[in-house]
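A.B. asks: If you scroll down you'll find the structure; I have some questions about it.
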Amino acid sequence: MLSWGEDYQQGFRLKKGSAVPPVAGGVRSLQLSFHVADLCVGLRVLAFIKDSGEASIIRVSESAAGTREKRKQKFVECEERLAAVDCTDDGVTLLSDTGVVFCVDSPHPPYTPRSLEALSGITVTQVACGSQHTVVLSKDGQVYTWGQNSRGQLGLGKEGCSSISSPQCVRSLSGMPLVQVSAGGEHSFALSVSGSVFGWGRNDCGQLGLGDTTDRETATLVHHLNMKKTVLAACGKDHTAVLTMDGTVFTFGSGHYGQLGHNSFRNELCPRLVAELWGAKVTKISCGRYHTLVLTNHMKVYSFGCNQHGQLGPREETHPCVPLPVQLPQEGPIIQNIFAGGDSSFATCRPEQGVSEVPVESLVDRWISEWDSKLQTKVKQEIDQRFSSMSLMNRSFLNQSKHFHTSSTYSGLDLSLCKRGFKKLLRNEAIQIEVEKAVMKMLPSLHEKPAGVEALRVFLILNELLYAIQRLRHGSLWEGPQTGRGFHGVEIAMKVAAAVQSLSTEHLQITANWWTLSMMEYKSRHVNVWRTALSEVLGIEAFPHSSSKDILQILQNMYNVNKGNMKIPETTFCLEFSPIFIEQEVTRWRLHSKSMAVDNPPLILCSFAFVMDFKSKQLVFQCNSYLTVQEVKQERMLYYLQGLAPPPPLYFELNLRRSSLVEDSFRQLAEAPPTDIKKHLVVYFDGDTKITNVYKKDFFHHLFPRIKEEKPEMFRTNDSETLVWFSINQPERIKADVYLFGLLCGLALHNDCIFPVPFPLVLFKKLLGVKPTLQDMVEFCPEVGKSLQYIMNYEDDDLEDQYIFFEITWDDTVIDLDPENPGKPVTSQNKKEFVDAYVNYVFNQSVESVFQEFERGFFQLCDRDLLRMFEPQELKRLMVGQDDYDWEKLKQNTQYELPLSANGGQLVRFDSHMQNPTMKMFWKVFDALTEDQKKDFLWFVTGSRKAPILGMGQVQMTARLKIITSGSPDEQFPESLTCHNILDLPSYSSEEIMRDRLIQALEAERTFSSEEERLSV
């Protein structure tokens, strides 16, 4: 071993006859009979550990003449093999290779180490000492400190005492995957696996690198070192040096002695690159009190700083503030390690035996292979240690080539490694239980405030764990029998959700960024995790209401992020809720809206409606309408019980003439009391008082074409005559009719009827308070929309040369969109203003008073707050129906009833049309129909040309063979019973005859016929 600076040679026990005078510049070659594995120097003590695991201490005392005298090394009596050592000014802290910490009081030999009760059962991997304090790092990533705390160097916060004799956990670093600790005079550092650097304690010289001189009492992230890939930190008395993966060195703090290496004696408050070392890849750094050593990959040692005792060694020049090579003996062993401490420097000449971390996949393979052996107890301990520690779990699934780039936009995790690891590990049910038990022990620490972004990784890892547990529990394609596995899965999800809600807004945004930028597979998977967790929690009544709300809030955060860029379909977030749950929610919502249940608000309605699928939303609306009708019935019952006669009608009845459909319906709606229209609607035609849904369907199906024909002043049609919008002409004249029309639309929804009004999507946007956009103009008036889109896409600066002005013609009326600036041209600078003004005029300003009347009528029956759970497309689908016609689904869902002549003509049910030639013939004929003819057939059977709101799967058609008692079947027509979706088919002799008879029946069906007329077609 080589040494220079303050001479400790006399303290070491050298080989006999091996004393060698120092070479030029004071470098001494210490001929030891052992190899030094670790060494430290304090103010009055030097300690080292041999390769054999034995420790010795050299005590320094001051003579009467004021000189420092080194006593002979004394052996430390320790029963355990020692692995590391560090010193305070007077004390020595030792670490055994089993992770036990021992303290030695060096002023009082013999040196008998004592263990610390506070660290009992905690495996420690590193120790570091400042002048009067100690910092240790445990295997599970926790930092413990004790000693003097006058400048906050223990990192325990404002409530920490000035001196603490027993190790205390630094809570502010909980969850960080830490790999190193370091301590200087009165400051401390911790380093994460991905290079985040945290400092605390004294900062009067800027030794924390935070850009100021304010002391810190809790661990604080050194932002200036973010993304620098820091792998090592070393501390002097008032300065700090850090080493990056690329071999560059940054220093900061006191530069009074030149110990920062910046060719100056100034202090540096922020980390500064040591430019003089540029080009030399540094592999190790070490700091003494006022000097710094670095070792390069070419085994050269550089030094800079104070040289009062020759601690810089022989150098070509004498500038102490510039890194220069130490002139070591040309011949001899290659330098492998360096130690700087106090005013001394040391270099050892034997490579250290590093231990690389075992990859997690290899660990998993070993755990699985050893589970059924005598090593099971050891495997359980390792699983517990790995998954009960946030730090160890955090660093288990890193992307080894990229995790140093961890930032607010990149997690540094290899999520595919997470997936593979948990999938393989959890196949064994017993191992799964051990993993879950360990994770349950770790979960309480999730509520600690994360010290840096790396600590947030654990939330993504837990997502993957929950995904694996859920797949196993719900019977996935994975191997192995499915049992009642994952008994902790739901509880884990609840506690993780609660911890997420305790994160700050900043940290929530970071997790959102990571999720947004992850691959599509992981986005959908994480949504599925929390959607499944919500379903499970709602299915277990014992869990508190707050747990569901925590999970809902996670889904809400992901939904909001996704809504901005629509990376995954919104339906990914949706669940189908049970009718019982829906009824409970609606009941709570109704009571809450009437201030009758303030303390028991609905869980989903209306704050988290996005998690409901369309079927659930429809059920909510139907349930609310039903309860409204029931309330009106109860009022009627009160009339009866109180003897008030006559009681109000049970239904809201419309007595209509087919020939005067619009006149009768508008008049009776206008005359109806507000409470009556909330009752169940019954429609009678031409004096026929039979109650049937067929008449109600007919009414709404035929109503709008009649309104458009008889009251053309109410609407304007687009150029293709496919859509209508409110007319801007004579608004005062049409307002009363528009109000009644809005009432009719609400009436249809209230009674669960499709009302096929050809309005564009913008109507439903406006009802939901959503602002119209250019896309709405493109839908309603494609030519105008394309022109406006052209203006928006125009990139040149000469748009004003196109002679476009803020003056438009709409509905044969010339409109100035900016009346305060007549003749205002459209330019590249105001083109968006022009387009927005155009769209706003067409859909808002021009129809403002008319739309208010429509809205007033509509919301007489439809609760505005409840409707907000729908997206505009969903509300349109609810009222108008949908145009997604899956004819194959109709065929698949059809059932067949065929007469069995041997049984007196009794109908027998069959599942396949292939079992009867007539039914087989029918589908061949049906497949050959045009799309419009197929829609006519749908109307013929169901009473609606629109596909059911929930899709064609809702149509359960029954096809029957029509029994003909007289005449030929070829002379008969198909018949239908729309209230039961029944089709009666005669046994036609050929496809041609069947096609002709069917088309004739469909053409007749286009007329506004009665139920009797339909059956006799």
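A.B. asks: In whole Å, what are the extents of the stretch 201-268 along the principal axes defined by its C-alpha atoms, from largest to smallest?
C.D. replies: 31, 28, 17
A.B. asks: Roughly how far apart, in whole Å, are the Cα centres of the stretch 704-757 and the stretch 977-1004?
C.D. replies: Using only Cα atoms, the two centres lie 34 Å from each other.
A.B. asks: If R0 is 51 Å, what FRET efficiency do you get for Asp204 and Gln892 from their C-beta distance, rounded to 0.05?
C.D. replies: Between Asp204 and Gln892 the formula returns 0.05.
A.B. asks: Just to verify a number: FRET efficiency for Glu54 and Gln336, C-beta to C-beta distance, R0 = 25 Å, to 0.05?
C.D. replies: 0.80
A.B. asks: What range in the chain is the longest one free of GluC sites (Glu not before Pro) that are in a loop by DSSP and have at most 14 other Cβ atoms within 10 angstrom?
C.D. replies: 821-1017
A.B. asks: What ratio of Cα Rg to 2.2 N^0.38 Å holds for the stretch 1-140?
C.D. replies: 1.08
A.B. asks: Filter the trypsin sites (Lys or Arg not before Pro) in the stretch 358-399 to those in DSSP coil with at most 16 other Cβ atoms within 10 Å of their Cβ, and list the result.
C.D. replies: Lys374
A.B. asks: Let me spell out the model: positive unit charges on the Cβ of Lys and Arg, negative unit charges on the Cβ of Asp and Glu, origin at the Cα centre of the stretch 649-881. What dipole size does that give, in debye rounded to 20?
C.D. replies: 1400
A.B. asks: Can you pull the one-decimal nm distance between simple spin-label points at Ser369 and Lys633, each 7 Å off the Cα toward Cβ?
C.D. replies: Reported label-point gap for Ser369 and Lys633 is 7.0 nm.
A.B. asks: How far apart, in nm, are the 7 Å Cα→Cβ label points at Ser362 and Glu570?
C.D. replies: Result: 5.0 nm between the two label points.
A.B. asks: List the pairs from Lys237/Lys300; Lys139/Lys229; Lys633/Lys735; Lys419/Lys441; Lys567/Lys615; Lys633/Lys765 whose alpha-carbon separation is above 27 Å, in the order I gave them.
C.D. replies: Correct reply: Lys633/Lys735; Lys633/Lys765.
A.B. asks: Right, another one. Quick one: check the C-alpha center-to-center distance for the stretch 199-213 versus the stretch 763-816, whole angstrom.
C.D. replies: 59
A.B. asks: Something else now. Taking +1 at the Cβ of each Lys and Arg and -1 at the Cβ of each Asp and Glu, which of Pro110, Cys606, Gly175 sits farthest along the dipole of the chain towards its positive end, judged by Cα position relative to the Cα centre?
C.D. replies: Positive-most Cα among the choices belongs to Pro110.
A.B. asks: Helix-only estimate, please: 222 nm mean residue ellipticity of the chain, summing -39500 (n - 2.57) across DSSP H runs of length 4 or more and dividing by its residues, to the nearest 500.
C.D. replies: That calculation yields -10500 deg cm²/dmol at 222 nm.
A.B. asks: Which trypsin sites (Lys or Arg not before Pro) does the stretch 278-314 hold that lie in a coil by DSSP with at most 16 other beta carbons within 10 Å?
C.D. replies: Taking the stretch 278-314 and a limit of 16 other Cβ atoms within 10 Å, the loop trypsin sites (Lys or Arg not before Pro) found are Lys281, Lys300.
A.B. asks: Using amide H atoms built in the peptide plane, which far-off residues or other-chain residues are under 5 Å from Leu961 H to H?
C.D. replies: Long-range HN contacts for Leu961: Glu897, Leu985.
A.B. asks: With the contact rule set at Cα under 8 Å and sequence spacing of 6 or more, what percent relative contact order holds for the chain?
C.D. replies: 5
A.B. asks: Another question, then. Rounded to the nearest angstrom and ordered from largest down, what semi-axes does the equivalent ellipsoid of the stretch 59-104 get from its C-alpha gyration tensor (root of 5λ)?
C.D. replies: Three semi-axes, in Å: 28, 11, 7.
A.B. asks: Now a separate question. Step through the table entries Lys786/Lys889; Lys594/Lys679; Lys766/Lys832, compare each Cα-Cα distance with 30 Å, and write down the pairs that go over it.
C.D. replies: Beyond 30 Å between Cα atoms: Lys786/Lys889.
A.B. asks: Ratio of Rg to Rh for the stretch 649-881, alpha carbon only, Kirkwood?
C.D. replies: Ratio of gyration radius to Kirkwood radius for the stretch 649-881: 1.05.
A.B. asks: For Ala37, which sequence-distant residues (separation of 5 or more, or a different chain) have an amide H within less than 5 Å of its own amide H, given hydrogens modelled in the peptide plane?
C.D. replies: Close amide H contacts, sequence-distant or interchain: Ile49, Lys50, Asp51.
A.B. asks: Okay, next question. Expected output is a single nm value to one decimal: the length gained when fully extending between Lys711 and His298, i.e. 0.36 nm times separation in residues minus the C-alpha distance. What is it?
C.D. replies: Full-extension gain reported as 139.3 nm.
A.B. asks: Right, here's the next one. In whole Å, how far is the Cα centre of the stretch 562-587 from that of the stretch 280-307?
C.D. replies: Value for the Cα centre distance between the two parts: 61 Å.
A.B. asks: Now for a different question. Tell me, what HN-Hα J-couplings in whole Hz come from the Karplus equation 6.51 cos²θ - 1.76 cosθ + 1.60 at θ = phi - 60° for each residue of the stretch 83-90, using x for Gly and Pro?
C.D. replies: 10, 8, 8, 8, 10, 8, 4, 10
A.B. asks: Right, something else. Across 10 Å bins from 0, what is the distribution of all Cα-Cα pair distances for the stretch 290-435, in whole percents?
C.D. replies: 9, 26, 16, 18, 18, 10, 2
A.B. asks: If each of Asn840 and Asp816 carries a label point 7 Å out from its Cα toward its Cβ, how far apart are those two points in nm?
C.D. replies: 1.7
A.B. asks: Extent of the stretch 507-572 along each principal axis, from alpha carbon coordinates, in Å, largest to smallest?
C.D. replies: Principal extents (Cα only, largest first): 36, 24, 16 Å.
A.B. asks: Working out 0.36 nm times the residue gap between Ser595 and Glu971, then minus their Cα-Cα distance, what length gain in nm do you get to one decimal?
C.D. replies: Extra length from Ser595 to Glu971 when fully extended: 128.8 nm.
A.B. asks: If you put +1 on each Lys and Arg Cβ and -1 on each Asp and Glu Cβ, how big is the dipole of the chain around its Cα centre, in Debye rounded to 20?
C.D. replies: The dipole of the chain has a size of about 4120 debye.
A.B. asks: While we're here: Distance from a point 7 Å along Cα→Cβ of Ala609 to each backbone N in the stretch 833-867: keep the residues under 18 Å and list them by number.
C.D. replies: Of the residues in the stretch 833-867, 855-867 have backbone N under 18 Å from the label point off Ala609.
A.B. asks: For the stretch 244-325, which chymotrypsin sites (Phe, Trp or Tyr not before Pro) are in a loop by DSSP, counting at most 12 other Cβ atoms within 10 Å?
C.D. replies: Qualifying residues, ordered by number: Trp278.
A.B. asks: Rounded to the nearest 20 debye, what is the charge dipole size of the stretch 1-145 about its Cα centre when +1 sits on each Lys and Arg Cβ and -1 on each Asp and Glu Cβ?
C.D. replies: With only Lys, Arg, Asp and Glu charged at Cβ, the dipole is about 640 debye.
A.B. asks: May I have the convex hull volume per residue, in Å³, for the Cα set of the chain?
C.D. replies: Roughly 272 Å³ of hull volume per residue.
A.B. asks: Under 5 Å between amide hydrogens, which residues at least 5 positions from Leu232 or on another chain qualify, with H placed 1.01 Å from N in the peptide plane?
C.D. replies: It is Leu243, by chain and number.
A.B. asks: Can you give the FRET efficiency to the nearest 0.05 for Phe581 and Ala275, using r as the Cβ-Cβ distance and R₀ = 60 Å?
C.D. replies: 0.35
FYI, it's all coordinate maths here, none of it is from the lab. Bear in mind that the values here come from a model prediction, so they are computed numbers and not experimental data. Glycine also receives a Cβ, built like all others from the backbone with ideal geometry; neighbour counts cover every protein chain displayed.
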